[in-house]
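Contents: one structure, followed by commentary.
The values are calculated or read from the model by the stated rules, or taken from the named source; none is laboratory data. This is a predicted model, so every value here is computed, not measured. Cβ coordinates were reconstructed from backbone atoms using ideal geometry, including for glycine residues, and neighbour counts include every protein chain displayed. Ligands, DNA and RNA are stripped out before the accessible areas are found, and what is left, the full protein with its side chains, is counted by its heavy atoms. Shrake-Rupley method; radii C 1.70, N 1.55, O 1.52, S 1.80 Å.
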Amino acid sequence: MQQKLRDSLQPSAIELSRFALEGNFSFLKQKAGDGVRISSVIKGNAYGHGISSFIPMAESCGINHFSVFSADEAEGVLKFRSDPDTDVMIMGMIRDSELDWAIQNGIEFYLFEMSRLKAAEKFAKKNQKRASVHLQLETGMHRTGFEMREWKELFKQTSESEWIDVKGICTHFAGAESVANYFRIQNQNKRFQEALELASAYFDPLPARHAASSAAFLTMPETHYDMVRVGIAQYGFWPSRETYMHQAKANRFQEDVDPLRRVMTWKSEVMSTKWVAAGDFIGYGNVYMAGRDMQIATVPIGYTHGFGRNLTNAGHVLINGERAQVSGLVNMNMITVDVTDIPGVQKGDEVVLIGHQGDDEITVASFGEMTNNLNYEILTRLPASIPRLVVA
Ligand SMILES: *Cc1c(COP(=O)(O)O)cnc(C)c1O
């Protein structure tokens with residue numbers, strides 16, 4: 001049976017569309033071609049989509065590798081995966097002391113320092129189980145990763161170590177979503193290829209090579225290697241306007257070119273309606289004065305739920321397929337919206353805060369003050385306490 005908002009006591013819910021996710025993965029798989037594995041990046045509570053619902057959904061689309069930032073997120077994958085053979089990889093934060101736990105649970109993790117290599121060997125030996133690692137190489141991002149001068153020694157030590165199982169060799173690009181960074185990314189990719197050549201003297205066959213996140217994956221086929229780490233695109237968003245234009249151009253700018261579908265719809269309902277006379281102020285202070293006799297609807301969503309105060313007098317929601325403007329301050333738990341021109345609005349009517357209703361859509365970008373780059377931030381800030389409901 002389909003889950004519904006009314007089944008919880010919560011004022012809003014985020015619906016996750018199975019149909020959209022399946023469509024996205026089939027597009028991404030076709031883009032990747034045979035032999036390129038897709039790792040689903042689910043840091044930041046699956047970009048706000050909610051890991052407990054999202055992981056099994058992705059698995060049912062054939063995904064068997066998840067990438068996370070930190071150890072707590074890896075623990076989430078262990079908890080919510082439906083297949084015990086599904087792999088999990090930590091790309092960032094894990095304490096040396098937590099390697100014991102990671103190795104016991106077969107969790108893959110990035111190595112970017114020699115000291116961690118020593119710690120990994122120590123705990124692997126203690127558990128009599130090899131540590132599964134990915135060697136992260138510094139190619140120009142300048143954040144974490146082994147420096148060029150360390151590569152030879154790193155490849156030598158890890159290939160010879162009885163306690164280390166090198167699952168991957170990887171790097172990360174410094175902003176492949178923008179043409180402005182083109183040369184920097186090209187140079188990184190060149191350097192990565194040099195590293196792979198060096199590594200081939202130590203590893204036969206080479207471990208899985210991976211470098212691309214969504215942007216490089218979607219626009220630079222030469223960066224696909226053996227695996228791609230796809231975050232934002234699987235949820236139905238382009239990493240930037242530029243990457244979308246790249247796709248639109250490939251499709252010769254035909255209408256309806258977007259092969260990605262937003263997986264998320266954030267919904268609430270009308271709590272109450274009321275008429276306000278021209279000249280009266282709505283809500284706190286004198287932020288919004290009714291310029292005419294107005295009907296307003298209150299919606300039980302506010303900044304505590306991630307609906308930012310910056311949307312005061314500016315944001316929109318959808319009711320009966322029409323746009324209603326936020327009128328007055330965004331409160332902690334409530335907004336007031338103008339429904340004067342939307343006939344027949346009643347208590348209990350569905351309100352869409354992000355996503356489609358009828359023929360209209362509130363995009364995450366418009367929700368986040370009109371800039372596409374904020375997609376990532378807006379999504380990951382949606383509170384974990386909002387229920388996530390899987391729908392067809
Ligand atoms: C977040 C992240 C990704 C995914 O990035 P998207 O742009 O969302 O596809 C890939 N690799 C690393 C190392 C990351 O931190």
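When only C-alpha pairs under 8 Å and at least 6 residues apart count, what is the relative contact order of the range 264-391, in percent? Relative CO of the range 264-391 lands at 26 percent.
Under 1.5 on a/c is rounded, so check that first for the range 35-230, then, if it is not, pick prolate when a/b is larger than b/c and oblate when it is not; a ≥ b ≥ c are the square roots of the alpha carbon gyration tensor eigenvalues. Before the final figure, lay out each step's value.
Details: a/c = 1.73, a/b = 1.04, b/c = 1.66.
In terms of gyration-tensor shape, oblate.
Its Cα centre serving as origin, the range 318-392 has a Cβ charge dipole (Lys and Arg +1, Asp and Glu -1) of approximately 360 debye. Relative to the longest principal axis of the C-alpha atoms of the chain, give the angle of the C-alpha long axis of helix 151-160, reported between 0 and 90° and rounded to the nearest 10°. Roughly 70 degrees, rounded to the nearest 10. When peptides 101-110, 231-240 are ranked by their average number of other Cβ atoms within 10 Å per residue, the highest-first order is 231-240, 101-110. Could you give the angle, 0 to 90 degrees to the nearest 10, between helix 241-250's Cα long axis and the longest principal axis of the Cα atoms of the chain? Tilt relative to the chain: about 80 degrees. Checked against a 26 Å cut-off, the cross-linked pairs 29/152; 29/125; 125/156 give Cα-Cα distances beyond that limit for 29/152; 29/125.
Rolling a 1.4 Å sphere over the protein heavy atoms, what is the accessible area per residue of the chain, to the nearest Å²?
Numbers: 18270 Å² over 392 residues.
Here the per-residue accessible area is 47 Å².
For the chain, the residue among 55, 205, 172 whose Cα projects farthest onto the positive side of the dipole built from Cβ charges is 205. Partner aspartates and glutamates whose Cα lies under 14 Å from the Cα of residue 118, excluding those fewer than 8 positions away in the same chain, are identified as 96, 98, 100, 153, 160, 162, 165. Short-range pairs are left out: with C-alpha atoms under 8 Å and at least six residues apart, the relative contact order of the range 35-230 is 18 percent. The order of the peptides 218-230, 305-317 by mean Cβ neighbours within 10 Å, most packed first, is 218-230, 305-317. The C-alpha atoms of the chain define a longest principal axis, and helix 182-199 lies at about 30 degrees to it. For the range 264-391, the square roots of the Cα gyration tensor eigenvalues, ordered a ≥ b ≥ c, give a/c of at least 1.5 with a/b greater than b/c, which places it in the prolate category. Label positions at residue 79 and residue 97, each projected 7 Å from the Cα along the C-beta direction, are separated by 2.1 nm. Only lysines eight or more places from residue 4 in sequence, or on another chain, were considered; those with a Cα closer than 30 Å are 43, 79, 267, 274, 347.
For the chain, which whole percent of the accessible surface, found with a 1.4 angstrom probe, sits on carbon and sulfur atoms? Don't jump to the answer; show the numbers that get you there.
Numbers: 8880 of 18270 Å².
The computed percentage sits at 49.
Under the classification rounded if a/c is under 1.5, otherwise prolate if a/b is larger than b/c and oblate if not, where does the chain fall, given a ≥ b ≥ c as square roots of the Cα gyration tensor eigenvalues?
Prolate, because a/c is 1.5 or more and a/b exceeds b/c.
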